[in-house]
Amino acid sequence: MADMLDVRDLKIGATAYPPGEPPKDIKIVHGVSFTLEKGKVLGLIGESGAGKSTIGLAALAYGRGGVRITGGEVLLDGENILDLPASGIRDIRGRRVCYVAQSAAAAFNPAHRLGDQVIEAAVRHGVMSRSEAWERAKYLFRVLGLPDPDSFGRRYPHQVSGGQLQRAMTAMALCPGPELIVFDEPTTALDVTTQIDVLAAIKRAIEETHTAALYITHDLAVVAQISDDIMVLRHGNMVEYGSVQQIIEAPEEDYTRELVSVTESLKQEAPEQSEALLRISGVDASYAGDFKVLHDVSVHLPRGQTLAVVGESGSGKSTLARVITGLLPPSKGDVTFNGTVLPPKFADRNKEQLRQVQMLYQMADTAMNPRQTVRDIIGRPLTFYFGLRGAEKTRRVTELLDQIEMGTGFIDRYPAELSGGQKQRVCIARALAAEPEVILCDEPTSALDPLVAAGILKLLLRLQKESDLSYLFITHDIATVRAISDSIAVMYQGRVVRFGPKSKVLAPPFDDYTDLLLKSVPEMRLGWLEEVLATRRMGSAGH
Amino acid sequence: MKWRAIPLSAWIGLAGIAAALFCAIFAPLIAPYGEREVVGDIWLPIGGEFLLGTDNLGRDLLSRLIYGAQTTIFVALAATVLSFSLGVMLSFTAAVVGGWTDQGLSRLNDLMMSIPTLIFALIVLAVLPQELWILILVMAVLDSTRVFRLGRAVAVDITVMEFVEAARLRGEGRLWIIFREILPNTLSPLLAEFGLRFAFAVLFLSTLSFLGLGIQPPEADWGGIVKDNKDGIIFGIPAALIPGAAIAGLAICVNLVVDWLLNRTASLKGGRGDG
Amino acid sequence: MVQDSGPAEKGRQPQGSLAAGLSGPPPANDGGAPKPGGAGLSGLRHRMPLATLLIQRLGLSALLLLAVSVVVFLGIEALPGDFAQTYLGQSATPQAVANIRAELGLDRPAVTRYFEWLGGVVQGDFGNSWASGNSVTEQIGLRLGNTLFLAFWAALVSVPLAVGLGMLAVHFRNRWPDRLINVVSLGAISLPEFFVGYILILFVAVQGGWVTFPSTVYADMPFGQRLEAIILPCATLVLVVLAHMMRMTRAAILNVMSSPYIETAELKGLDTLRIIARHAAPNAVAPIITVVALNLAYLVVGVVVVEVVFVYPGMGQYMVDAVTVRDMPVVQACGLIFAAVYILLNMSADILSILANPRLRHPR
């Protein structure tokens, strides 16, 4: 079959504005080539900064921000769209090539109904009449599994949920019957139980309409379910390009191998788990008013071990962290540390109590003061808790930098000069500086690329062994849970539905929610999606 | 900081401000005549013996203008510094303490802002005796409401960042959090706002003086000089326009510098903040 | 005069959209069941958020007006010093001070006087002027109309111009028309009203001879003549307000144009006109209305200086004259009315923004 999309030696550049310096030109994509046949799906995979979104947008001859296509050709059915005049490009967009953005909530205009926006491109490009388009929209809503397909189009964006919006966006892309759709990380922002529904819906829709697709993501397991071919990108270069079987089962390049095997490291479960260092008993908590967020939560964390608290958004896991640190006093129950009940409000705790429980945050960017150097950030707890100053402080900071595998050259850098992984490491050093007993990790790796995240997890495990630290690790990612925990607590809507040693929690028989959760995590093998859909008993939670 | 990165407009602004400050500080040294000295005939034209002509009583307009710079700038600066300190202190406290303190201060602020500044000033000045320090105090208190609103918005933006929470959980006191965590991150917008407040103070003071309620004679700020000479306009005498132009000029210069400050990307990830 | 209220003029998007470029922001909830409308007041607020908000705003404004009346009237009592003394000046004898206090009624308790005054105000009676002894209400009746007339025409000219120029500046963003507009408006907001006024008088009236000065209007003046008389004061007002309003509308439109749904519209291949008209405009309405209302509120105050410059018989002139001689009934009446108009305009801006918000017009 003839190639529908033929990208040859694509080069993309941009203008960077480094602070305090004149703007300079940088290259983002360095000559990438690939082809796509009609009805096939190509997965573009890579970490952030790999250039995958940029390449996807190039298929629409579009550059976001100051990004420009500087070389190469993008041939759509043999015609180079980069040479077209503005009117020609506008003709292609929305008619022959459509785009599904990462954040559907932001991409829809809050002032208009969903249906109007879904059919807009088809009608404006003259592909079909308004009534025909409306009928097609209803058909697509049905195929994509949206509730009340006939009346769904009359709703406004703020009236429907995130997963529904993502599917509406897919409908919007499919409506004009394009030749190619570019999916830009469509399920990244969704809960894992929703993701599986949306993924299935997308796959079904693509198959029924024989549309070709570029599927961009950083999650190899997801892309393995949906693509025919995969291209691995890194720093704007193609690392490997082949069929999905070959990439997943027999990767050739080292980098690809790393990506494929990233979730395989497992921690050996600790044997003795009854004596608790940190105990949460019967905790109820509410936010302003009577809106109860936690219901009778009881878990405990033994010394030197990791308790993983896993749940999706709205499960209350972050609230639990706030209760433990004393930011949100519980309305019932208490938090005991080392045998003593901690005062419910952090303002009532003394320095020692505050020192012993430290916290790691999800977004390392906002967890550090941008106007302080690494020395200040790590050094402050040293001064505040132990009175270290001057040369002594510097010596200890250097020691800590060593522990987090960063050199002394970083000591005078500002957070803005560090990479994502480095920032999180500095936050870890800051937590270590207080010499705590417990570190509360609130999704510290969720915002990081998979390889970087794996590095951070390895570091945390090593530090745990060296310093006998205890972790309460909050996450929504099952793979991470398998890799680092000794015991697990599964939370759903403010309650602990399952708690115990890892081996017991992850073994059947399961309660309904844990069952759903575990089944929804994409596995890095072909055909997983079909299996799950076939064995689906429970309807999607919160469709 | 790269000097070349500063645009021409900002340079012009800085130059203008510098010139005005120079006049203000060294007024007695550079003014050719005394502030109240009658040197010639009424409303002599520009050029000739007196560079800017004479005013409605025959005083040298240039000298009046230079002394006026002193009065205008010092009063406006005093009022701005006062209003800024008050506004920033109250707003940061409200943002950090939260709860009823925040609610109370914000409601009070809203109430004061619901009366237009000029009207409020007119009412208050109708009652109080006409002293310089009262004038400065009135200007400062009224203007602090605007500073409060901005300061609170900026502080709240920072307060919700996790590093402030991390500092709180460490056990840091309120003063540390305000001065070492929040303040350094708000310098850019605050500095720009200071500039805007100063420009406003200059214009506001001039307006009050023009209406006869600001600086009282024989001292004169630029607004007062306009008031003295306004009757000449009907006769085609442009003397009143000269102090007016000085006011406008200073305000423009300050606005140019503020515009430049606002244009520098003050992103939170900017680290040193010189980007 | 520099605008002293209203949103910051920064049209640039706040930098550092932290989630951009990082994979895996916090997962969004897909539990799509809408919250049930409970019984009672909180349920009401849920089922009819629009109506509740509107009533709240109206109530709040009424309360604010009442609070302002207290401030305007009783504020005098709270200020330091003896008012009667200040009224007569330093050299007054104690006997004179006592006499004036009795004459002005200042010896009676403040709260009593407040309620008397408030009662009068509600019936439309603002008392009598201390300077002339005439009815304040009568004067206000004549002058308020004049002021509103002036303000109305200034608004009529400046609002469309401001919105139009703002759109133009956005369309030519960062090219020379935008830069020119930016520079000129920067200059304009730095000019004091009296400066603009006197320039216009000097060059248009005195030297050009096209318009007469001062701008006298009187009752029963023919409409055309009245319009002609206010040309210069109107132009002065327009010039200053226009600059502020235009900068703010430009910022508001830019803000909307950088939204993600505009990018989506572009990627659907829609033409620029449709994007602006159908996607940007509906979302820009609320911020633009806010901008316009804020500036109109300012207009009503800027009118004070303009009236003094042009010796125009309006409320502004009235109030300034009264302040100079400490004629309190007049000052209080004018202060209250100005504040009321200000509050009314701000409330309208609030309400219109609420109405323009689709989340409130179509609740879940």
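Taken together, the values in this text are just the output of simple stated rules run on the coordinates, not laboratory data. This structure is a prediction, so every number in the text was calculated from the model and none was measured. Cβ sites come from the backbone with ideal geometry, for glycine too, and all protein chains shown count toward neighbours.
Brief remarks on what is shown
- For region A:201-339, with +1 on Lys and Arg beta carbons and -1 on Asp and Glu, the positive-most of A:Q245, A:F291, A:G316 along the dipole: A:F291
- Summary value for chain A: 15 percent relative contact order, contacts being C-alpha pairs under 8 angstrom separated by 6+ residues.
- Placing +1 on the Cβ of every Lys and Arg and -1 on the Cβ of every Asp and Glu, with no other charges, gives region A:272-343 a dipole of roughly 140 debye about its Cα centre.
- Counting only other chain Cβ atoms within 10 Å of each residue's Cβ, the peptide C:135-141 averages 0.
- Per-peptide average of other Cβ atoms within 10 Å, ordering C:180-189, A:217-226, B:204-213 highest first: B:204-213, A:217-226, C:180-189
- Magnitude of the charge dipole, region B:8-268, Cβ model with Lys/Arg +1 and Asp/Glu -1, debye to 20: 600
- Shape category assigned to region B:1-142 from the gyration tensor of Cα positions, a/c cut at 1.5: oblate
- When the charge dipole of the protein assembly as shown is built from unit charges on Cβ atoms (+1 for Lys and Arg, -1 for Asp and Glu) and taken about the Cα centre, the candidate among B:A240, A:A489, C:L273 whose Cα reaches farthest toward its positive end is A:A489.
- Here the sum of -39500 (n - 2.57) over DSSP H runs of 4 or more residues, divided by the residues of the protein assembly as shown, equals -17000 deg cm²/dmol at 222 nm, to the nearest 500.
- Chain B, relative contact order [Cα under 8 Å, separation at least 6], %: 24
- Out-of-range pairs (alpha-carbon distance over 31 Å; input A:K24/A:K52; A:K519/C:K268; A:K52/A:K423; A:K292/A:K519; A:K465/A:K504; A:K332/A:K504): A:K519/C:K268
- 11 Å beta-carbon shell around B:F210, net charge (K/R +1, D/E -1): -1
- Distance between the modelled labels on C:L50 and A:D402, one decimal in nanometres: 6.9 nm (7 Å Cα→Cβ projection).
- Extending 7 Å from Cα along the Cβ direction at A:S331 and again at C:L148 yields two label points whose distance is 5.2 nm.
- Given chain B, longest segment not containing exposed loop trypsin sites (Lys or Arg not before Pro) (DSSP; at most 15 other Cβ within 10 Å): B:37-271
- Positive-end ranking of B:G104, B:F194, B:W260 along the dipole of region B:8-268, with charges on Cβ about the Cα centre, is headed by B:G104.
- For region B:57-144, size of Cβ-based charge dipole, Lys and Arg +1, Asp and Glu -1, in debye: 160
- Using a simple spin-label model with pseudo-atoms 7 Å out from Cα toward Cβ, C:S91 and C:E103 lie 1.7 nm apart.
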